[in-house]
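Okay, structure first, notes after.
The values are calculated or read from the model by the stated rules, or taken from the named source; none is laboratory data. These numbers were taken from a predicted model, which means no experiment stands behind them. With ideal geometry, Cβ positions are generated from the backbone for all residues, glycine too; neighbour counts draw on all protein chains shown. Surface areas here come from the heavy atoms of the whole protein model, side chains and all, with no ligands, DNA or RNA. Shrake-Rupley method; radii C 1.70, N 1.55, O 1.52, S 1.80 Å.
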Amino acid sequence: MPPLIDIKKISKTYTTGSFRVEALKEVSIQVNSGEFVSLVGPSGSGKSTLLHIMGFLDRPDTGEYFFAGHPTASLGEGRLAAIRSRMVGFIFQSFHLLKRTTAKDNVMLPMVYTGLGASSQKALDCLKLVGLSDRVKHKSNELSGGQCQRVAIARSLVNDPLVVMADEPTGNLDAVSRQEVMQVIKDLNARGLTVIIVTHDDEVSQMTNRVVRMKDGVIISDEVRRPSAASETAVTPLPPARHSFSPSEFLEQLKVAFKAIWSHKMRSALTILGIFIGVGAIISLMTISEGFMKSLLSGASEDDAKKIWVTPYYQHGRAPRRFTMNDVEAIKSRVPLAEKVTPILARNLKISVGDKHVDSSVQTREGFALEEQKPRDKFFENRKLTGRFFTKEENLNKAKVAVINQTLAKKLFDSGNALNSDIRINGINFLVVGVAEDHKAEQIFGGQPTAYIPLNTAAKRVFGANRLDYIEVAAPTPADAPEARRQIIMAMRAERGTREDAADDFDVKTFEAQIEMFKSTMGKLSLVVYSIAGISLLVGGIGIMNIMLVSVTERTREIGLRKALGARNSDILSQFLIEAVVLCVIGGALGVALGFGLGWAAYFFIKVPPTLSAGTISFAFGFSTLIGVGFGFWPALRAAMLDPIEALRYE
Ligand code: ADP
């Protein structure tokens, strides 16, 4: 049977600046299963270094180490972590219990890193073995030193190790506790457990069965005092490296992250401020602009979606070519998909009642036959109409009748009741025959005072010119609009005799194109808000990085402990990444609430309810996660790369 530990001529040299310390010089030692060994000697003689190498916390510079019959020199980080996790139990002088954590949870900690699931029964059994069944729910700060060390012993046993290694386990204890703890260890050895203790206390070493004395990095004596309980080492296969994260580990890491964040509430709150404000700004803009789109589209009826507008082509430094009735006729005769063609004149004119004058837009229509006006609701352009619209006959007769919108009615008449009153447009009296509710978009942005008068009246009596401003065309269905647009372009080019290679001197826009234009305007506005938010997020991210670095430093010893208990570098990395991500996601979630709240605050000014879509929410969470990973990575990597021994010794 091979010895459990077979060390052949290992050396270890530390270099600090120009100073070299040979901590171990070609040391050889064998330890069999079931032995109870103490390593003794003066301070600095190399005891701890040897123990750390035996426990896979450190590697020798030269020499060979066989563990349970296997060479270990070529094992990678993951394999070594697995051996520490499943085959070696550590006990430290300063206990290294997790703060504010119960005895039971402390004992359960090593099970996180086996990947085999955790059993609280096992933890309770181990606590019973060290005589602490009545202290299971006590937290580390509610236990005496001796009890803490017994919890640590229970923790070292929980994964059924082949060997327990203790570094000055009684160094921090009074005489009574020391006796207690040593008795527990002795009893464990009597049950067959292999134990190796580093101590400079003779009383402690006398309780062991074999005393190995060291001095200046070499073994100077090796004395067996009592035979150990015979126990054979079966050639146990070394455990494989873990390659996955178990759900229980993920849960544990989440728990640790929340605990760390919760125990520094103020600090965490200040840290997430940047993310909170940045995400809040983005989300408020997104909810508002989505709200806009929604109410614009819901306000737009199929009637709107069918429409196509033919407008003059504005070119810098040149007067646009205006439309005439010939253009209207051309469209009417040559565009099969033009169901309705409405020439429109529009001017900005003063409209007066008594001594009130209001600058208004005056637009023209050709009038609707009374039966066209949906008698029951009296709709005009998808808006409610009080009274009626003027008729085609009134247009032909150049009647002085007008339909005005609500904004204008309110400005001209204190009562708001304009129906059947007289108004003056350009000094000419008109009778108000109808009042139209404002457009949906006007209700949002604040309405433009508008009056509609018959086209012929406008051309002959008011505007004094019959150049049209634009032509509105309606296709049979919204789906026909793009094809209708194409036909209109052909008709207009033919009518105007545009040469094949010349550009159009007019614009034809469908409703969809208008929406696209709105979107692109919104996009430009967004760019500004997003840049501001981006700066806030950058600052927030740097804050996260800073706090994570602080957190890593504060918890250096905990990192060392976790590694000693079998955590891989990747376990530590993921733990701190998760903490950074949790911080960011909390900031992001609060930011979503802030953004939505700002959206509602804006509601009082712009009267559009904000829309919070699933897309917006997932964007916020995805983005926050990304910031957490991005800015948490470096601190997490620093934590992962810490040397376990140095981390454990960190003051
Ligand atoms: P012991 O446990 O017997 O007190 P150690 O094994 O801790 O001795 O140390 C042996 C020698 O190696 C000491 O001289 C110590 O100063 C030196 N040493 C140990 N660890 C380091 C290190 N990380 N860097 C530099 N020197 C070290």
| Does the range 540-552 include one or more residues that are closer than 30 Å to HIS439 by Cα and surrounded by fewer than 24 Cβ atoms within 10 Å (Cβ to Cβ)? | no
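Within the range 633-641, is there a residue that is within 16 Å of the ligand (Cβ to nearest atom) and open to solvent by 10 Å² or more (accessible area, probe 1.4 Å)?
Checking the range 633-641: at least one residue is within 16 Å of the ligand (Cβ to nearest atom) and open to solvent by 10 Å² or more (accessible area, probe 1.4 Å).
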| task | Kindly establish whether SER536 is open to solvent by 10 Å² or more (accessible area, probe 1.4 Å) and assigned by TED's automatic domain parsing to the domain that holds GLY278. | result | yes
| note | Of LEU385, LEU349, LEU396, the only residue that is under 55 Å from the mean Cα position of the chain (by Cα) and under 17 Å from ARG461 (Cβ atoms) is LEU349
| query | If you go through the range 45-77 one residue at a time, how many are near the ligand (Cβ under 8 Å from one of its atoms), surrounded by fewer than 22 Cβ atoms within 10 Å (Cβ to Cβ) and at positive phi? | reply | 0
| message | On the basis of being under 22 Å from GLY192 (Cβ atoms) and in a loop (DSSP other than H, G, I, E, B), does ASP160 make the cut? | response | yes
| Which residues, counting only those in the range 564-578, are open to solvent by 10 Å² or more (accessible area, probe 1.4 Å) and charged (D, E, K, R)? | ARG568
| ILE83 is checked against (1) surrounded by fewer than 17 Cβ atoms within 10 Å (Cβ to Cβ); (2) β-branched (Val, Ile, Thr); (3) closer than 22 Å to ASN569 by Cβ and fails just one. What number does that condition carry? | (1)
| query | Name the pairs whose Cβ atoms lie under 6 Å apart, with the first residue in the range 47-63 and closer than 14 Å to SER85 by Cα, the second near the ligand (Cβ under 8 Å from one of its atoms), and 6 or more positions between them or separate chains? | reply | LEU57/ILE645
| field | Leading residue by the ranking (surrounded by the most Cβ atoms within 10 Å (Cβ to Cβ)) among those in the range 13-28 that are within 14 Å of the ligand (Cβ to nearest atom) and in contact (Cβ under 8 Å) with a residue 60 or more places away in the chain | value | LEU24
| message | polar (S, T, N, Q), more than 16 Å from the ligand (Cβ to nearest atom) and open to solvent by 20 Å² or more (accessible area, probe 1.4 Å): is that true of GLN149 in this structure? | response | no
| message | Give me the residue from the range 29-44 that is among the hydroxyl-bearing types (Ser, Thr, Tyr) and open to solvent by less than 60 Å² (accessible area, probe 1.4 Å) and, out of that set, farthest from the ligand (Cβ to nearest atom). | response | SER33
| task | Of the conditions (1) surrounded by 24 or more Cβ atoms within 10 Å (Cβ to Cβ); (2) out of contact with any Cys (no Cβ under 6 Å at 6 or more places or on another chain), ALA154 clears all except one; give me its number. | result | (2)
| field | Residues satisfying the stated conditions in the range 86-129, i.e. of a type in the set (A, V, I, L, M) and open to solvent by less than 20 Å² (accessible area, probe 1.4 Å) | value | MET87, VAL88, ILE91, ALA103, VAL107, LEU109, MET111, VAL112, ALA123, LEU127
